[in-house]
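Right, one structure below, let's go through it.
The values are calculated or read from the model by the stated rules, or taken from the named source; none is laboratory data. Just so it is clear, the model here is predicted, and its values are computed rather than measured. Note: ideal-geometry Cβ built from the backbone for every residue, glycine included; neighbour counts use all protein chains shown. Ligands, DNA and RNA are excluded from the accessible area calculation, which covers all protein heavy atoms including side chains. Shrake-Rupley method; radii C 1.70, N 1.55, O 1.52, S 1.80 Å.
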Amino acid sequence: MKIRVLGAGAGGGFPQWNCNCHNCSGVRNGRLNAKTRTQSSIAVSSDGERWVLFNASPDIRTQLEHFPASHPRHGIRDSGIKAVILIDSQIDHTTGLLMLRESTQPLEIYCSDMVKQDLSTGFPLFTMLAHYCGINHHPVPLDGSAFIVPGIDDLRFHSHSLKSKAPPYSPHRHDPHNGDNIGVIIEQISTGRTVYYAPGLGEIEPHVQQAFAKAECILVDGTFWQHDEMERAGICTKLALEMGHLPQSGPGGMIEQLSAVTDTRKVLIHINNTNPILDEDSPERQQLNAAGIEVAYDGLEISL
Ligand code: MLT
Ligand code: MN
Ligand code: ZN
């Protein structure tokens, strides 16, 4: 199985257009040893030719242009991207669907009913796309049971609901429902190898621990280092958990949670531009290195 990180940043990307924080200004003026990152998306394939996209980032056009395996090869209109799985209805995970409107086929979209609702009402991408390529919505299970994507041979997906957050525009922002956010175990049927993807994760529930233990590789919420990181940066008073993201540091944080997981490749993804781990020379990054935790970057490819 191949996993391609198309975008490892959180909403806004890194640097963010209007942000003058330590990281964003540092990467712009070259003071910081850091890689820029586009917004949150990965692609997964078993054969390197037919790919499932996880999330459609606002940066998808550039992401696909830099990803030759997705380029058209057969006929006048074609793509290596065969289906899209949405893990939530956040703007950074869905806006790219509009950039896929030139498709000559309806987009095959796998998401929960909650996400479908948001994308048919508050942010009506599905309604809009009906006037372009159209979409075929496939509901995903929320209890960890398996589903497949026709034409994507040799991959099986298991999705479950996560405690994180629906987007600010959703009626569920302060009224959580199952399926507002999901995590997905991706399994290669022929080898049994698995990867777990959960870029928005606020609480490590028992089913999440089980997924951590089962997967050979986990790509997990790396948004914030500290609970009050945005406030410390002088940006806003929103706390990490209010936004549905478990911070890495501190008691019960992601580093502690991941220390309980052995024999697994651990990769943080969906990194917010304020997070000090973006600076490869920072003490926080050294702490992750010592804990055996990687930080995803755009273009990272993982083969399992
Ligand atoms: C989030 O996951 O909280 C987002 O990155 C926010 C956004 O896209 O604005
Ligand atoms: Mn996000
Ligand atoms: Zn910034």
Which of (1) within 16 Å of ligand 3 (Cβ to nearest atom); (2) touching a Ser or Thr at 6+ places or on another chain (Cβ under 9 Å); (3) more than 23 Å from GLY200 (Cα to Cα) does SER46 not meet, given it meets every other one? (1)
Of the conditions (1) over 20 Å from the mean Cα position of the chain (by Cα); (2) within 28 Å of ILE85 (Cα to Cα), GLY234 satisfies every one except a single condition; which number is it? (2)
Working only within the stretch 103-126, note down all residues that are within 30 Å of HIS74 (Cα to Cα) and open to solvent by 50 Å² or more (accessible area, probe 1.4 Å). THR104, GLN105, PRO106, GLU108
Note on LEU119: of the conditions (1) within 16 Å of ligand 2 (Cβ to nearest atom); (2) within 16 Å of LEU6 (Cα to Cα), unmet is (2)
Residues (out of contact with any Lys or Arg (no Cβ under 9 Å at 6 or more places or on another chain) and surrounded by fewer than 20 Cβ atoms within 10 Å (Cβ to Cβ)) located in the stretch 135-149: ASN136, HIS138, PRO141, LEU142, ASP143, GLY144, SER145
Can you tell me which residue in the stretch 1-36 is farthest from GLU301 (Cα to Cα), limited to those that are more than 14 Å from ligand 3 (Cβ to nearest atom) and open to solvent by 40 Å² or more (accessible area, probe 1.4 Å)? GLY30
If you take the residues of the stretch 237-284 that are among the β-branched types (Val, Ile, Thr) and over 16 Å from the mean Cα position of the chain (by Cα), which of them is nearest to ILE3 (Cα to Cα)? THR264
Name, by its number, the condition in (1) within 16 Å of ligand 3 (Cβ to nearest atom); (2) farther than 30 Å from ASP143 by Cβ that does not hold for GLY222. (2)
Can you name the residue in the stretch 37-52 that is open to solvent by less than 10 Å² (accessible area, probe 1.4 Å) and more than 16 Å from ligand 1 (Cβ to nearest atom) and, of all such residues, is nearest to GLU229 (Cα to Cα)? ALA43
Matching residues, the stretch 61-102, being in contact (Cβ under 8 Å) with a residue 60 or more places away in the chain and surrounded by fewer than 24 Cβ atoms within 10 Å (Cβ to Cβ): HIS66, PHE67, ALA69, LYS82, ALA83, ILE91
Flag for HIS207 being of a type outside the set (Gly, Ala, Ser), touching a strand residue (DSSP E or B) at 6+ places or on another chain (Cβ under 7 Å) and within 13 Å of ligand 2 (Cβ to nearest atom): no
Which pairs turn up if I take residues in the stretch 203-214 that are closer than 17 Å to ILE255 by Cβ and look for partners that are open to solvent by 60 Å² or more (accessible area, probe 1.4 Å) with beta carbon separation below 7 Å, at least 6 apart in sequence or on another chain? GLU203/LYS163
Look at the stretch 157-204 and say how many of its residues are within 17 Å of MET1 (Cβ to Cβ), basic (Lys, Arg) and within 16 Å of ligand 2 (Cβ to nearest atom). 0
With respect to the numbered conditions (1) open to solvent by 40 Å² or more (accessible area, probe 1.4 Å); (2) at pLDDT 95 or above, which one is the sole condition not fulfilled by ALA166? (1)
